[in-house]
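The values are calculated or read from the model by the stated rules, or taken from the named source; none is laboratory data. None of these values were measured; they are calculated from a predicted model. Cβ placement follows ideal geometry from the backbone for every residue including glycine, while neighbour counts extend to all protein chains displayed. All accessible areas refer to the heavy atoms of the entire protein, side chains included, with ligands and DNA or RNA removed. Shrake-Rupley method; radii C 1.70, N 1.55, O 1.52, S 1.80 Å.
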Amino acid sequence: MMKRDFPALLLYSFGFLLLWEWLRPVEQLTDTDSMEMFVFFLLISFALSFFRMKWMWQSIIKLLFILFSINRFYYEEGFFQSSWLKSFSKDLMDNIGFLQARQWNDLSNEFRTLLFFILLWLMVYLIHYWLLNRQKIFIFFFMTLVYITVLDTFTLYSAKAAIVRTVITGFAVMGLLTYYRITQKEKVNDDRSILRKWMVPLVGMIALSVLIGIAAPKAAPIWPDPVPYFTAAKDKGGNEGSGGISRIGYGTNDERLGGPFIGDNKPVFMYKANGKNYWKVETKDMYTGKGWIPSGSTPIPFMEGDLAPVYSIPEKVETIKETAQVFFYTNYSSLSFIIYPAGIQKILEVEPKAPKLNKFEIDTTKEKINSFSRDISSYKVDFGIPKYKAVDLMLTTEFDSTVMGPEFYQKYTYLPEGLPLRIKQLTEEITVGKSNWFDKAQAVEGYFSNSGYSYDQKKVALPGDKDDYVDQFLFDTKRGYCDNFSTSMAVMLRTIGIPTRWVKGFTGGDFMEYSKGGESRQIYQITNNNAHSWVEVFFPNQGWVPFEPTKGFTNGININYSSGQTSSNNQTPPPAPVKKPQQKDLEETSKTKSKEKSLDFKELWSNTKLFFWNNWKLMTLVIVLLAGMTGILYRIRGKWLPFVVMVWYRFKKKDETVGTAYLVLLAQLDRYGIKRKQNQTLRNYAHYIDSFFSTREMTRLTVAYEQYIYHQNLPKGTWKESRELWENLIKKTIA
């Protein structure tokens, strides 16, 4: 039995550090918060195990801590109030029903937290068992290394420091356990000097190994990253929009689009209005093949209460006058730009109030409004919701220099040199038979919902140096988020001469509640997950009109189709699916077939990676649970394994079964603790067993076994007669 001394404390500390490595990626890769409570639970659990407190008191302390944590996470009532406990008990019963019905997605956060605590409880018990009873922990050490390296490969989690920490901790704990095993086997006296002589070279070996590993040159990877966007994880600059993996939210740098995002539901602002609106921040006009940049800057100052110099909607377009009140959350009150709906007219009632009216500046090229005050907490905005008429939107059929300046037209139809020709070919096929810009824009907008494109924030490719961002999305990956869809539509329309620009901002958010008082207005919450991009198309007589190509999103634009319609088909913009154009320089048939086989393999590999990416959390949980259950079953194998063996041998009919059954019995007796001494005959061992259990069954069974071994001939029915003796002895060994 291991003493509760300083080396044992080191062992438990190293076990805690190994288990902590499993928790470190959780907060970064999931929505789990307050990880310090889970770490503190591990500390308490290891401390209770180290001091070997009775299991009943350990369970009480751990349960109280779990309940306290759940109360702190999810309930406003105090811990000693019974109301929250009743609510939690009801939630617990409901979730047990969900488990029985296999409705995994309906499990509440409270119940998921409880399961996570139970999982940690189980892992602490297993480590305690490995350290105290088995004195072996290599399997858990190896599993930890596999876990962090897999996360390093397939997620944005960087395991460079984690691998070093795990190697140091793992080698240290295995070295200590080896010391304990040797001293117990050789019956060496517990001497601190011996431990010191063991620890000094162990620490030196670990330190030298780690230093050599860090300093040694490392070969470049032989294989490329498993999926294209994993290269984005190596973008250490961390700039928003630079193609690296980052949390979703509003960013200012869009020079290089692509790569995955991680959802972030932290609230940014609330607004009170008569309905849901898209909220603009800025537009960009120059597509580079990798992203968007503004073509210039034209700042114009204006004051609070002045008409905002934003001219995206002409006066001839009928509008509905509206107002909205914007309230920023504390973490975002330092934003320097103003968030506003389309059709903005005035900014009013800015808080906190300044000695003079607040001053703003708008860059009319980007239509981005900046505030000279960085601590605005709320403001009111007057705006007009445009009411478009389809008959007016359909008037424009081609560029007319008398109603649109050539410089303006060239600016918003600009495309980079070397843009793949097949983008234009695809657009022309989509818009075939459409005579006006509006119908063509609607055809392209609806194309993405009918042609196998999917919305995804995670498995999103990052274009290489020779790849075009739009071309890669349209023809290769067909998987992405709003930036992919909106940029593609804007570029596609430009290829057929329709002016467009790229818009960034936020969607309308989630309804929270109705405002108090007699206003009867709605309050909506905007989070970082609502950061969005869309397209605006310019019509000379209607201004900039928004379009929403992103699959699963709608902008609620108000278009009246009732007047001037010649066909009801105009009310259903999505066209039939259009096939992607073939490249002209097709290769020979034999090469094409081999290429198709390669593509099939790539698709299978891609689908496999996607499955692991989308389900890695569930798979990790299942593996850990299976490992825990396996450990428990192995630990209590003395209670269930004999029954399995007895059931198995009941189906045996041959008399020769006595031979294998007897050997199984010997192994079970050894496991039970009645070990056969070296050079002890079977007859003597059988007499010892019989005296131990006060029976004659072992001797009779041994006679049958010796007759089988030495004569290879048994009377008929021997196993039938011996099986009862064998089962009685097996049952006596069940612990």
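Out of curiosity, is Phe651 under 14 Å from Leu729 (Cβ atoms) and open to solvent by 50 Å² or more (accessible area, probe 1.4 Å)?
Numbers: under 14 Å from Leu729 (Cβ atoms): no; open to solvent by 50 Å² or more (accessible area, probe 1.4 Å): yes.
So Phe651 does not fit the description; no.
Would you mention how many residues in the range 14-48 are polar (S, T, N, Q), assigned to a helix (DSSP H, G or I) and open to solvent by 10 Å² or more (accessible area, probe 1.4 Å)? Spell out how you get there, then give the answer.
Keep residues of the range 14-48 that are polar (S, T, N, Q), which gives 28, 30, 32, 34, 45.
In the following step, the residues that additionally are assigned to a helix (DSSP H, G or I) were identified as 28, 45.
Filter again for open to solvent by 10 Å² or more (accessible area, probe 1.4 Å), leaving 28.
The number of residues fulfilling the criteria is 1.
Give me the pairs: first residue in the range 335-352 and farther than 10 Å from Val381 by Cβ and small (Gly, Ala, Ser), second residue open to solvent by 40 Å² or more (accessible area, probe 1.4 Å) and not in a strand (DSSP E or B), beta-carbon distance under 6 Å, and six or more apart or on different chains, which are they?
Ser336/Arg374
What do you reckon, is Glu76 more than 30 Å from Arg165 (Cα to Cα), open to solvent by 30 Å² or more (accessible area, probe 1.4 Å) and in contact (Cβ under 8 Å) with a residue 24 or more places away in the chain? Walk me through how you get there before you give the answer.
Numbers: more than 30 Å from Arg165 (Cα to Cα): yes; open to solvent by 30 Å² or more (accessible area, probe 1.4 Å): yes; in contact (Cβ under 8 Å) with a residue 24 or more places away in the chain: no.
The answer is no for Glu76.
Can you name the residue in the range 661-678 that is part of a loop (DSSP other than H, G, I, E, B) and open to solvent by less than 90 Å² (accessible area, probe 1.4 Å) and is also modelled with the highest pLDDT among such residues? Write out each step before concluding.
Kept after step one, since they are part of a loop (DSSP other than H, G, I, E, B), are these residues of the range 661-678: 673-678.
Next, from what is left, pick out any that are open to solvent by less than 90 Å² (accessible area, probe 1.4 Å): 673-674.
On the way: Gly673: 81, Ile674: 85.
It comes out as Ile674.
Among the listed residues Ser533, Ser520, identify the single one that is free of Cβ contacts under 8 Å to residues at least 24 places away in the same chain and in contact with a strand residue (DSSP E or B) (Cβ under 7 Å, 6 or more places away or on another chain). Spell out the reasoning first.
On the way: Ser533 fails: free of Cβ contacts under 8 Å to residues at least 24 places away in the same chain.
Only one candidate qualifies: Ser520.
Going by what's in this entry, would Val403 be described as surrounded by fewer than 17 Cβ atoms within 10 Å (Cβ to Cβ), at negative phi, not aromatic (Phe, Trp, Tyr) and not in a helix (DSSP H, G or I)? Break it down stepwise before answering.
On the way: surrounded by fewer than 17 Cβ atoms within 10 Å (Cβ to Cβ): yes; at negative phi: yes; not aromatic (Phe, Trp, Tyr): yes; not in a helix (DSSP H, G or I): yes.
Against the criterion (surrounded by fewer than 17 Cβ atoms within 10 Å (Cβ to Cβ), at negative phi, not aromatic (Phe, Trp, Tyr) and not in a helix (DSSP H, G or I)), Val403 qualifies.
Give, as residue ranges, the helices (runs of 4 or more DSSP H) completely inside the range 88-201 that count at least 1 residues that are under 30 Å from Val460 (Cα atoms), at pLDDT 85 or above and charged (D, E, K, R).
Details: elements: 109-129, 138-154, 160-186.
Of the helices (runs of 4 or more DSSP H) lying wholly inside the range 88-201, those with at least 1 residues that are under 30 Å from Val460 (Cα atoms), at pLDDT 85 or above and charged (D, E, K, R) span 109-129.
Listed residues Gly517, Gly552; which is surrounded by fewer than 20 Cβ atoms within 10 Å (Cβ to Cβ) and within 30 Å of the chain's Cα centre (by Cα)?
Only one candidate qualifies: Gly552.
Identify all residues within the range 259-277 that are open to solvent by less than 40 Å² (accessible area, probe 1.4 Å) and part of a loop (DSSP other than H, G, I, E, B); write none if there are none.
Gly259, Pro260, Gly263, Asp264, Gly275, Asn277, listed by residue number.
Taking the range 428-446 as the region of interest, how many residues are touching a Ser or Thr at 6+ places or on another chain (Cβ under 6 Å) and among the hydrophobic types (A, V, I, L, M, F, W, C)?
2
Of all residues in the range 679-724, which are free of Cβ contacts under 8 Å to residues at least 40 places away in the same chain, open to solvent by less than 90 Å² (accessible area, probe 1.4 Å) and among the charged types (D, E, K, R)?
The answer is Asp690, Glu697, Glu706.
Can you tell me which residue is farthest from Glu398 (Cα to Cα) among those in the range 462-480 that are open to solvent by 10 Å² or more (accessible area, probe 1.4 Å) and in contact with a strand residue (DSSP E or B) (Cβ under 8 Å, 6 or more places away or on another chain)?
My answer is Arg479.
Looking at the range 598-627, which of its residues are over 21 Å from the mean Cα position of the chain (by Cα) and modelled with pLDDT under 80?
Of the residues in the range 598-627, the ones over 21 Å from the mean Cα position of the chain (by Cα) are 598-604, 626-627.
Once the filter is applied, which keeps residues that are over 21 Å from the mean Cα position of the chain (by Cα) and modelled with pLDDT under 80, the range 598-627 yields Ser598, Leu599, Asp600, Phe601, Lys602, Glu603, Leu604.
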